[in-house]
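One structure is given below, encoded as structure tokens.
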């Protein structure tokens, strides 16, 4: 490497060292490192650098760099399914993930850009607005262009149970808000000391404002921790205990649909189910697309499974691919879950609503006409439309499939009229032995707290487990192990504020963001008019 290239790299690293540091600190907060506490000050270097630069383009680039490091560092595992199962070369796979990370990094770039503008116009108030800005942008990221609410800042706090109890009111965006508030207050204090060291004089009003923000932060922390303590020490609402078994088949992705292994896969699930039935569960759960055949279409295999179920004394829930006929007699393929009663009859069917882009369908097909689905299948899956939960003798429950569990409002919509527990079936074999399955599991914990529903999660290769209504992991499996997991859960029919009203907190954040941007626009127009 030439000395000129080394010099350019050195200058770049020196200029953006604080942004790089914040990006690295942020990714350390998530599974793989689990240093959750770092989140409370991880953004301080980034904030300090953009607020002392007085350069909006620098703030934009810094935010993009911090965001790209965070999202690429936590979502690198996406390359695994693209590379191993999509037959796309390693370099191309990594490039796709990098592009996705750059897109997500744009939200932090916009955050940095607007924060710099806020600070330049209203220094004494600006940093109080940044938590609203961050939470509002996270919310937009969760639904724009089909949405991808992965690696939200609030997810990093899954182990701090006292703090995350407020998500049954604010959703996960409330945790992100609190983390940003902590980072901005620490930044304010550092800026104050930098003034004392001679950068520029700090006015009496600014000193008073900083002290006020510190006090507000402590008050909010006190309220949040008090609420968390009350919720953690309270008993769950009236609900019977019910024993449920999870079957983690641990079937390799490249064997599942191989005709040679079809009967072997079915026998694995049957034998594990017979083992589970010794403990007397009322419900046995198999993972997403656990059947290596088309249930209902392949009559012999379907009949055999129904006959097997008649020998049990429990419900059986499993994931399968269904072939249905549309009103215009076209064949439709759905990623579905089926519930069989103890007499082998189908008593519930749910078709996955939020499909995986480029995995189960191609979004904006007219725009991306040149792209085929990364994962080969029969064709585009058809999305479901029914959000009615299963209503059975053992309780009322919904079955979000796979990555549907990362969408808070979709999951909440199942429980508008009540419910007792939630079941998430998934197949994380696509992610291999990466951090992907761990991240997927911890995200699901927030759905349990938001709706105060015990969570039963069945994953083909892991992580399967049980989570109570307070976000505590009762039991879980490891990755890539064949296992039966049986636990008792306590049903809970509570309807939370979040379930009833959804992301009102995040929406209020964005209303305030729009109002302040409009205010800045009017202020600038007045300034230009005076000139």
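The values are calculated or read from the model by the stated rules, or taken from the named source; none is laboratory data. Owing to the predicted nature of the structure, the values given are computational and were not obtained by experimental measurement. Glycine also receives a Cβ, built like all others from the backbone with ideal geometry; neighbour counts cover every protein chain displayed.
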Given the conditions (1) surrounded by fewer than 24 Cβ atoms within 10 Å (Cβ to Cβ); (2) in contact with a strand residue (DSSP E or B) (Cβ under 7 Å, 6 or more places away or on another chain), report the number of the one that residue 493 does not fulfil.
(2)
Every residue from the stretch 243-255 that is modelled with pLDDT under 85 and surrounded by 13 or more Cβ atoms within 10 Å (Cβ to Cβ):
253, 255
Of the numbered conditions (1) more than 30 Å from residue 255 (Cβ to Cβ); (2) at pLDDT below 95; (3) outside any helix (DSSP H, G or I), residue 42 fails exactly one; give the number of that condition.
(2)
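Return yes when residue 456 is surrounded by fewer than 17 Cβ atoms within 10 Å (Cβ to Cβ) and either at pLDDT 95 or above or over 20 Å from residue 442 (Cα atoms) (or both) and no when it is not.
Against the criterion (surrounded by fewer than 17 Cβ atoms within 10 Å (Cβ to Cβ) and either at pLDDT 95 or above or over 20 Å from residue 442 (Cα atoms) (or both)), residue 456 does not qualify.
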Kindly establish whether residue 308 is out of contact with any helix residue (DSSP H, G or I) (no Cβ under 8 Å at 6 or more places or on another chain) and either at pLDDT 95 or above or assigned to a loop (DSSP other than H, G, I, E, B) (or both).
no
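Just to be sure, is residue 384 at pLDDT 90 or above, more than 23 Å from residue 144 (Cα to Cα) and assigned to a loop (DSSP other than H, G, I, E, B)?
Working: at pLDDT 90 or above: yes; more than 23 Å from residue 144 (Cα to Cα): no; assigned to a loop (DSSP other than H, G, I, E, B): yes.
No; evaluated as a whole, the condition is false for this residue.
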In a loop (DSSP other than H, G, I, E, B), surrounded by 24 or more Cβ atoms within 10 Å (Cβ to Cβ) and in the same structural domain as residue 401 (by TED's automatic domain parsing): is that true of residue 433 in this structure?
no
Selected residue (only one of 291, 317, 339, 332 is in contact with a strand residue (DSSP E or B) (Cβ under 6 Å, 6 or more places away or on another chain), closer than 14 Å to residue 270 by Cα and assigned to a strand (DSSP E or B))
317
State yes or no: is residue 263 buried (at least 16 other Cβ atoms within 10 Å of the Cβ) and in the same structural domain as residue 470 (by TED's automatic domain parsing)?
no
Residue within the stretch 131-140 that is in contact (Cβ under 8 Å) with a residue 40 or more places away in the chain and either assigned to a loop (DSSP other than H, G, I, E, B) or in contact with a strand residue (DSSP E or B) (Cβ under 7 Å, 6 or more places away or on another chain) (or both) present:
no
Considering every residue within the stretch 231-242, establish whether at least one is part of a strand (DSSP E or B), at pLDDT 95 or above and surrounded by 14 or more Cβ atoms within 10 Å (Cβ to Cβ).
yes
Say whether the condition of being at pLDDT below 95, surrounded by fewer than 23 Cβ atoms within 10 Å (Cβ to Cβ) and assigned to a helix (DSSP H, G or I) is met by at least one residue in the stretch 151-172.
no
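Identify, from the list 70, 110, 114, the residue that is modelled with pLDDT of 90 or more and either surrounded by fewer than 22 Cβ atoms within 10 Å (Cβ to Cβ) or in contact with a strand residue (DSSP E or B) (Cβ under 8 Å, 6 or more places away or on another chain) (or both).
Values: 70 fails: either surrounded by fewer than 22 Cβ atoms within 10 Å (Cβ to Cβ) or in contact with a strand residue (DSSP E or B) (Cβ under 8 Å, 6 or more places away or on another chain) (or both); 114 fails: either surrounded by fewer than 22 Cβ atoms within 10 Å (Cβ to Cβ) or in contact with a strand residue (DSSP E or B) (Cβ under 8 Å, 6 or more places away or on another chain) (or both).
Answer to the check: 110.
Just to be sure I understand, how many residues within the stretch 50-63 are surrounded by fewer than 22 Cβ atoms within 10 Å (Cβ to Cβ) and in contact with a helix residue (DSSP H, G or I) (Cβ under 8 Å, 6 or more places away or on another chain)? Spell out how you get there, then give the answer.
Looking only at the stretch 50-63, we keep the residues that are surrounded by fewer than 22 Cβ atoms within 10 Å (Cβ to Cβ), and these are 52-58, 60-61.
Of the ones still in play, those that are also in contact with a helix residue (DSSP H, G or I) (Cβ under 8 Å, 6 or more places away or on another chain) are 52-56, 58, 60-61.
Adding up the residues that qualify gives 8.
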